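The values are calculated or read from the model by the stated rules, or taken from the named source; none is laboratory data. As the structure is a computational prediction, the values presented were derived from the model and not from experiment. Cβ: placed from backbone, ideal geometry, glycine included. Neighbour counts: every protein chain shown.
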Amino acid sequence: MRITPVFSMVNFIDDAHFRRIWKHPKKTINSRQKAWVHYMLQVWGKVNAGDDSPGGAINVIGRLMIRTQWSDDKASQIESVVMRLYEEDGLRGDVLYQKAREIVLPQSSFSNIIALAKESDDAAFVERVMIKTFHRESPVRDVAIKRYCSRNCTQDIARLMSNITGVDVQACRRRVTWCENVLDAEIFYAMRRELEKELPLVA
């Protein structure tokens, strides 16, 4: 088994120690922002060796959010519309996406839509942000690859870390979670900055 950066996580005492060494300040994101991040990471993982990306409500929320300028009101509207169509009307997959898009982005103009990019374009965008944000020896980047490209869950990565290092699996799981939390927040803000740079180009 090749030793990859995530195994170094056993050397950190706690989350604060890890963040201090790797210079990851504490940042928080809400559930709607996480939906967007997870969708984009799933697309990135799918294109870069993963299998299929689930087509549930959370992913539809993420797909719609990537197309719009960011505001809490718009994000809240997207979440509300998608969940109503999902739970009350029973819509799923592309049908759910198209119906929700008709409601939240009627006659969408270039000023509030980035572009209907293909998955490969979205994946390339995430890859570009990932490279800018995380050093190739970063345990966070390693966790991203294991989670989204290799389709390992948190527990799978923790077990692997435990088998290699001999550290208790629950302690390993906590360390994987520290990486996942940093990944979500750092990638969210990094992608948002990149999109804000692109918005004037499509206005």
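List every residue pair whose Cβ atoms sit under 9 Å apart, with the two residues 6 or more apart in sequence or on different chains, where the first one lies in the range 84-97 and is under 14 Å from LEU64 (Cβ atoms) and free of Cβ contacts under 8 Å to residues at least 12 places away in the same chain and the second, anywhere, is assigned to a helix (DSSP H, G or I) and of a type in the set (D, E, K, R). Taking only residues 6 or more apart or on different chains, the pairs are LEU91/LYS99.
Which residue pairs have Cβ atoms closer than 6 Å, lie 6 or more positions apart in sequence or on different chains, and pair a first residue in the range 18-40 that is without any contact (Cβ under 8 Å) to a residue 60 or more places away in the chain and over 20 Å from ARG174 (Cα atoms) with a second residue that is part of a helix (DSSP H, G or I) and hydrophobic (A, V, I, L, M, F, W, C)? Partner pairs satisfying both residue conditions: ARG32/ALA75; ALA35/ILE58; ALA35/ILE61. Before we move on, is VAL82 closer than 16 Å to TYR39 by Cα and modelled with pLDDT of 80 or more? Yes; evaluated as a whole, the condition is true for this residue.
Being modelled with pLDDT of 85 or more, crowded, with 19+ Cβ neighbours inside 10 Å and in a loop (DSSP other than H, G, I, E, B): is that true of HIS24 here?
Values: modelled with pLDDT of 85 or more: yes; crowded, with 19+ Cβ neighbours inside 10 Å: yes; in a loop (DSSP other than H, G, I, E, B): yes.
The answer is yes for HIS24.
So, ALA75, is that one modelled with pLDDT under 90, in contact with a Lys or Arg (Cβ under 7 Å, 6 or more places away or on another chain) and surrounded by 14 or more Cβ atoms within 10 Å (Cβ to Cβ) or not?
The answer is yes for ALA75.
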